[in-house]
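K.L.:
Here it is: the structure, laid out below.
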Amino acid sequence: DFLFSHITALGDNGIFWISIGVLLLCTRKYRRYGILLLLSLLAAFLLGNIMLKNLVERSRPCWIYPEVGLLIRIPRDYSFPSGHSMVGFAGATAVWKMNKGWGVAALILAGSIAFSRLYLFVHWPSDVLIGSIIGILLAILIFEIENRVRTGKEKLERYENV
């Protein structure tokens, strides 16, 4: 109980992943990854917490079964998709794209945070699964868009120098 209550707190408001992004911004070598990580988190937040949760309006299991005692405060927003899972996997995927070794640790942490949401009875399994998939796909999309923009600029610069 103690472990999962604390692991889930790492995902609260995306603060852990935002902190990683800000730390990356502070280094010249990893600045690009910090920007892409933060953009991935922003995309996950906007799509998941602002749009999908309010569109789907799925009740949380702890709302339907209030007799189950919770170890954390009862969340006030809707259940689908899991914001903790979405932001966690968006952040972990961005870290993976930067460094595979750190990425493994980040993915294990994101998976632990996602599982904690089930353990703590605040999400349904499909909330966590879909949230995780959306987070991964959004981070990949952000990196792909940035890569295409960067490649396009490089081609344009070569053309202009001819």
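K.L.:
Quick check on my filter: what residues within the stretch 12-60 are among the charged types (D, E, K, R) and under 18 Å from N99 (Cβ atoms)?
P.N.:
If the condition is that a residue be among the charged types (D, E, K, R) and under 18 Å from N99 (Cβ atoms), then R28, K29, R31, R32 are the ones that fit.
K.L.:
Also, I was wondering about something else. Which one of S116, S112, S132 is within 14 Å of the chain's Cα centre (by Cα), in contact (Cβ under 8 Å) with a residue 60 or more places away in the chain and assigned to a helix (DSSP H, G or I)?
P.N.:
Testing whether each residue is within 14 Å of the chain's Cα centre (by Cα), in contact (Cβ under 8 Å) with a residue 60 or more places away in the chain and assigned to a helix (DSSP H, G or I) leaves just S112.
K.L.:
Would you say K29 is out of contact with any Leu (no Cβ under 7 Å at 6 or more places or on another chain) and either of a type in the set (D, E) or crowded, with 18+ Cβ neighbours inside 10 Å (or both)?
P.N.:
no
K.L.:
A further question follows. So, in the stretch 66-120, of the ones that are out of contact with any Phe, Trp or Tyr (no Cβ under 6 Å at 6 or more places or on another chain), open to solvent by 50 Å² or more (accessible area, probe 1.4 Å) and of a type in the set (V, I, T), which residue ends up nearest to I140 (Cα to Cα)?
P.N.:
V104
K.L.:
Looking for something over 19 Å from I7 (Cα atoms), of a type in the set (F, W, Y) and more than 15 Å from the chain's Cα centre (by Cα) - is there at least one such residue anywhere in the stretch 68-84?
P.N.:
Taking every residue of the stretch 68-84 in turn, at least one turns out to be over 19 Å from I7 (Cα atoms), of a type in the set (F, W, Y) and more than 15 Å from the chain's Cα centre (by Cα).
K.L.:
Could you please give the count of residues in the stretch 144-162 that are modelled with pLDDT of 85 or more and of a type in the set (S, T, N, Q)?
P.N.:
Of the residues in the stretch 144-162, 1 are modelled with pLDDT of 85 or more and of a type in the set (S, T, N, Q).
K.L.:
Report, by residue number, each residue of the stretch 46-68 that is under 23 Å from Y119 (Cβ atoms) and in contact (Cβ under 8 Å) with a residue 24 or more places away in the chain.
P.N.:
G48, N49, L52, K53, V56, R58, R60, P61, C62, Y65, V68
The values are calculated or read from the model by the stated rules, or taken from the named source; none is laboratory data. Because the structure is predicted, anything quoted here is derived from the model rather than measured. Here the Cβ is made from the backbone with ideal geometry for all residues, glycine too, and neighbour counts use every protein chain on show. Side chains are part of the model used for accessible areas, which takes the heavy atoms of the whole protein and leaves out ligands, DNA and RNA. Shrake-Rupley method; radii C 1.70, N 1.55, O 1.52, S 1.80 Å.
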